[in-house]
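Right, one structure below, let's go through it.
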Amino acid sequence: MKVRGKKIVVAMSGGVDSSVCAGLLVEQGHEVQGVSLRLWEGELGPRVCSDHRGAGEIAALLGIPHTLLDLRAQFAQTIVKPFAQDYLHGRTPNPCVACNRDFKLGTLLRWAKEQGADFVATGHYARLVRDDSARHASLFRGSDPSKDQSYFLFSLAQDQLTHALFPLGEMHKIEVREHARRLGLPVAERPESQDICFGDYKTLVESYAAESEISGGDVVDRSGNVLGQHGGIHRVTIGQRKGLGISAAEPFYVVEIDGETKRVVVGKKSELSSAGMTVQSVSWIESPDKSEIEADVQIRYRSPAIPCMIRPKSDSKCEVRFAEAFPAVTPGQAAVFYQGERVLGGGWIQRALRD
């Protein structure tokens, strides 16, 4: 930011990224307020992704105020319960997208505005480019390809993007740790946070389910032949090979999960491939102006970008056709559309298209 003296709320998790984010903004002369969101705690205490106690210590070291917002009840209802229901219906969800949209740049942004803040800053590795009017912001991949987190931010609305700051977006992780050492932050060598703050998701899903919802069912081949029994559809995902309770001369993979019948369909590795997919609940950062959009799509966080053709529909859905067949398209996961480094938008995988 070129203008100094802005009032900025920093989402502080206690980790190295958000701590450096706060420290750099203080150095730049902004009025910084640290805020931690108390979202989820397991039996062993706070997970790495939300160490509010550590965040408070970092804020004190930086000489900035720190506030803790206890949002556990809202988080359980808004994020955890739908997460469990998705698994119980045969989908494989990604709760981090909704957490960023509804909490880190949702509830926290509303709170920040009430305090008179200009922006909310987070430690995400992503970049924002604002137009001259500052009324539209475009989202780009972070400069560090190994840490890029733009995938998790595709569903942010313009009001969120124009009031967001990602100070680490131009940096590589090694630079962030160097800044942490220079600033004297005790988290400089802290390991990466957990992929998901819930811990053992299978146990969590079962805690939200009725006995009938977690019962097992048939494992079948494409012809409907019963090969074995599974221990609940929430325990399997598309592409899974091990732990299926079947014995065969060649490897079988989960190619389909039927949430209605609780049947798990398995097939050969070649049967994992899809020609495309339908995507629902699509939101756009860059509004489409064509009936067909040549782009790339990322269907998992660590998945490569796949060249594709996107055909937007009138009901917030898209049909996506891959340039070449791609394996393990997984209903419930986010599908994020890119042109080069720019995020166009994205949605949620509804089903794979086999041909």
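The values are calculated or read from the model by the stated rules, or taken from the named source; none is laboratory data. Computed from a prediction, not measured in an experiment: that's the story for all the values here. In this analysis, Cβ positions are derived from the backbone assuming ideal geometry, glycine residues included, and neighbour counts consider all displayed protein chains. Areas reflect the complete protein model, heavy atoms only, side chains present, ligands, DNA and RNA absent. Shrake-Rupley method; radii C 1.70, N 1.55, O 1.52, S 1.80 Å.
Enter the angle in degrees (range 0 to 90, nearest 10) between the Cα long axis of helix 52-62 and the first principal axis of the Cα atoms of the chain, meaning the one along which they spread out most.
Orientation of helix 52-62: about 30 degrees from the principal axis.
Between Arg302 and Ala134, what length comes free when the chain is fully extended (0.36 nm per residue of separation minus the Cα-Cα distance, one decimal in nm)? Spell out each step's value before the answer.
Values: separation 168, 0.36 × 168 = 60.48 nm, distance 3.14 nm.
Here the segment from Arg302 to Ala134 would lengthen by 57.3 nm.
Heavy-atom accessible area per residue, segment 47-185, 1.4 Å probe: how many Å²? Mind dumping the intermediate values first?
Working: 5840 Å² over 139 residues.
Dividing the accessible area of segment 47-185 by its residue count gives 42 Å².
To the nearest 10 square angstrom, how much accessible area does Thr261 have with a 1.4 angstrom probe?
The value for Thr261 is about 80 Å².
If I model a spin label as a point 7 Å beyond the Cα along the Cα-Cβ vector, how far apart are those points for Asn225 and Arg181 in nm?
In this crude label model, Asn225 to Arg181 measures out at 6.0 nm.
Under a Cβ-Cβ cut-off of 15 Å, what is the net charge of the residues other than Lys268 that fall near it, where Lys and Arg count +1 and Asp and Glu count -1? Can you show the working numbers first?
Numbers: positive: Arg222, Arg241, Lys269, Arg354; negative: Asp221, Glu250, Glu256, Glu271.
Value of the local net charge: 0.
Which order do Asp296, Asp131 take by accessible area at a 1.4 Å probe, largest first? List each step's numbers first, then the result.
Numbers: Asp296 45, Asp131 65 Å².
Largest accessible area first, the list is Asp131, Asp296.
Sketch the reach of a paramagnetic label on Glu41 as a point 7 Å from Cα along Cα-to-Cβ, and name the residues of segment 65-81 whose backbone nitrogen lies under 17 Å away.
The answer is 67-77, whose backbone nitrogens lie closer than 17 Å to the label point.
Under 10 Å, Cα contacts only: if you run a Gaussian network model on the chain, which one of Leu156, Leu24, Leu88 comes out with the highest mean-square fluctuation?
Of the options given, Leu24 has the highest mean-square fluctuation.
Could you derive backbone 3J(HN,Hα) for segment 207-218 from the dihedral phi with the Karplus parameters 6.51, -1.76 and 1.60 (θ = phi - 60°), listing whole Hz in sequence and x where the residue is Gly or Pro?
Each residue of segment 207-218 in turn: 5, 9, 10, 7, 4, 5, 7, 10, 6, x, x, 7 Hz.
Which translational diffusion coefficient, to the nearest whole µm²/s, is obtained for segment 245-288 from the Stokes-Einstein equation, given a Kirkwood hydrodynamic radius over C-alpha pairs, 20 °C and 1.002 mPa s? Walk me through the numbers on the way to the answer.
Working: Rh = 13.5 Å.
Stokes-Einstein gives a translational diffusion coefficient of 159 µm²/s.
Aspartates and glutamates near Lys290 by alpha-carbon distance under 17 Å, same-chain residues fewer than 8 away left out - which ones?
Answer for Lys290, where 17 Å is the Cα cut-off: Asp315, Glu319, listed by chain and number.
Which entries of Lys173/Lys269; Lys147/Lys268; Lys104/Lys173; Lys173/Lys262 show an alpha-carbon separation above 31 angstrom in the structure shown? Please list the in-between numbers first.
Working: Lys173/Lys269 35 Å; Lys147/Lys268 33 Å; Lys104/Lys173 21 Å; Lys173/Lys262 43 Å.
In this structure, Lys173/Lys269; Lys147/Lys268; Lys173/Lys262 lie more than 31 Å apart at Cα.
Could you list the trypsin sites (Lys or Arg not before Pro) in segment 117-198 that lie in coil according to DSSP, counting only those with at most 13 other Cβ atoms within 10 Å of their Cβ? Write down the numbers at each step before the final one.
On the way: sites: Arg127, Arg130, Arg135, Arg141, Lys147, Lys173, Arg177, Arg181, Arg182; in loops: Arg135, Lys147.
Those that pass, being in a loop and sparsely packed, are Arg135.
Taking a quarter of the surface of the Cα convex hull of the chain, what do you get in nm²?
Working: hull surface 76.5 nm².
About 19.1 nm², averaged over all directions.
If the cut-off is a Cα-Cα distance under 20 Å, which aspartates and glutamates reach Lys317, setting aside same-chain residues fewer than 8 apart in sequence?
Asp86, Glu286, Asp289, Glu292, Glu294, Asp296, Asp355
Indicate the gyration tensor shape class of segment 45-119 (rounded, prolate or oblate), computed on the Cα atoms with a ≥ b ≥ c the square roots of the eigenvalues: a/c under 1.5 is rounded; otherwise a/b larger than b/c is prolate and the rest oblate. Each step should come with its number before you reach the end.
Details: a/c = 2.92, a/b = 1.78, b/c = 1.64.
Since a/c reaches 1.5 and a/b is larger than b/c, the shape of segment 45-119 is classed as prolate.
Can you tell me the orientation of helix 173-182 relative to the chain, as the angle in degrees between its alpha-carbon axis and the longest Cα principal axis, to the nearest 10?
30 degrees
Top mean-square fluctuation among Ser18, Ser155, Ser303, Gaussian network model of the chain, C-alpha springs under 10 Å?
Ser303
Just the number, please: percent antiparallel of the DSSP beta bridges in the chain, rounded to the nearest 5. Write down the numbers at each step before the final one.
Details: 49 of 66 bridges.
Expressed as a percentage, antiparallel bridges in the chain total about 75.
Calculated from DSSP H runs of 4 or more alone, at -39500 (n - 2.57) each and per residue, what is the 222 nm mean residue ellipticity of the chain, nearest 500? Before the final figure, lay out each step's value.
Working: 9 runs with 68 residues, N = 355.
Taking each H run of at least 4 residues, the total per residue is -5000 deg cm²/dmol.
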